[in-house]
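Trainee: Have a look at the structure that comes next, please.
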Amino acid sequence: MSWADHALSDNASAGALLLTGLTGTGKTHEAYGALRRIAAGGPDKFELISVNCADMYGNLRPSQVMGAAERELRRLSEVQYLHIDDFGTAKTSEWTEEITYRLINYRYNHCLPTIITSNLPARDDEGPDLTDFVGARVASRLAEMVTALVPMIGNDRRRGGRAA
Ligand SMILES: Nc1ncnc2c1ncn2[C@@H]1O[C@H](COP(=O)(O)OP(=O)(O)OP(=O)(O)O)[C@@H](O)[C@H]1O
Ligand SMILES: [Mg+2]
């Protein structure tokens, strides 16, 4: 059963779908495929937000508009389906770790289905991996949340599938 079918049959136990792989292997394409499947098989009305990781942090930075960043964090935390594209592409800081913790911790506690695509591998002892990006507390929650880990392989489809 695909992750999308899992989410349709039991939303609260679907957890997270994690798609990893090199650039151009089709992660974003697959993520949209899962969302399309949910849209086709789900209720008439449901909420989803698909956001690029770097844009997400941009929108969550405290701005001159009072409360806007907190409202945005609440929107991303509470939405029924959240897709974060290119997770791990932003520059990390204590602030990104904290905000990622608050977002993922909320979705973890409330069993909200989440789709994450990333160029970083879930785990790589010799190079950068998702744990390095999110920090140990978030990585631990993600490890439990992820019910489907799909490592995408192949060459960059944008280059016609030729080796980069
Ligand atoms: N299964 C598929 N069939 C046909 N075209 C595909 C498929 N998967 C991906 N593509 C096409 O290949 C290109 C790269 O796919 P996509 O953007 O999903 O890659 P990505 O893994 O998200 O890359 P990046 O890491 O750079 O974000 C896009 O033009 C997309 O439309
Ligand atoms: Mg992509």
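Trainee: Of the options 95, 76, 131, report the single residue whose Cα projects farthest towards the positive end of the charge dipole of the range 3-159 (beta-carbon charges: Lys, Arg +1; Asp, Glu -1).
Mentor: In the range 3-159, that residue is 76.
Trainee: Shifting gears a bit: Under unit Cβ charges (Lys, Arg +1; Asp, Glu -1), what dipole magnitude, rounded to 20 debye, does the chain have relative to its Cα centre?
Mentor: Computed charge dipole of the chain: roughly 440 debye.
Trainee: Still on this model: Out of the total accessible area of the chain (probe 1.4 Å, heavy atoms of protein only), what percent is carbon and sulfur?
Mentor: 49 percent
Trainee: Turning to a different aspect of this structure: Could you provide, to the nearest whole Å², the per residue accessible area of the range 3-159 with probe 1.4 Å?
Mentor: Accessible area per residue, the range 3-159: 55 Å².
Trainee: Something else about it: So between residue 12 and residue 125, what do we pick up on full extension, going 0.36 nm a residue minus the alpha carbon distance?
Mentor: Taking 0.36 nm per residue and subtracting the Cα distance, the gain is 37.5 nm.
Trainee: What distance in nm lies between label points placed 7 Å from Cα along the C-beta direction at residue 152 and residue 49?
Mentor: 2.3 nm
Trainee: Between residue 75 and residue 144, what length comes free when the chain is fully extended (0.36 nm per residue of separation minus the Cα-Cα distance, one decimal in nm)?
Mentor: Gain in length upon complete extension: 22.6 nm.
Trainee: List the relative contact order of the chain as a percent without decimals, with contacts defined as Cα pairs under 8 Å and 6+ residues apart.
Mentor: 36 percent.
Trainee: Another question, then. So, counting K/R as plus one and D/E as minus one, what does the shell of residues with Cβ under 11 Å around residue 114 add up to?
Mentor: Combined, the nearby Lys, Arg, Asp and Glu give +2.
Trainee: To continue, here is another question. What ³J(HN,Hα) values, in whole Hz, does the Karplus curve 6.51 cos²θ - 1.76 cosθ + 1.60 give for the range 4-16 when θ = phi - 60°, with x put for Gly and Pro?
Mentor: 4, 5, 4, 4, 5, 7, 8, 3, 6, 9, 5, x, 10
Trainee: Given C-alpha coordinates of the chain, what is the ratio Rg to Rh with the Kirkwood estimate of Rh?
Mentor: Taking Rh as the inverse mean 1/r over Cα pairs, Rg/Rh reads 0.96.
The values are calculated or read from the model by the stated rules, or taken from the named source; none is laboratory data. Predicted model, so just to flag it, every value in this text is computed and none were measured. Reconstructed Cβ throughout: ideal geometry from the backbone, glycine too, with neighbour counts over all protein chains shown. These area figures cover heavy atoms from the full protein model, side chains too; ligands, DNA and RNA do not enter into them. Shrake-Rupley method; radii C 1.70, N 1.55, O 1.52, S 1.80 Å.
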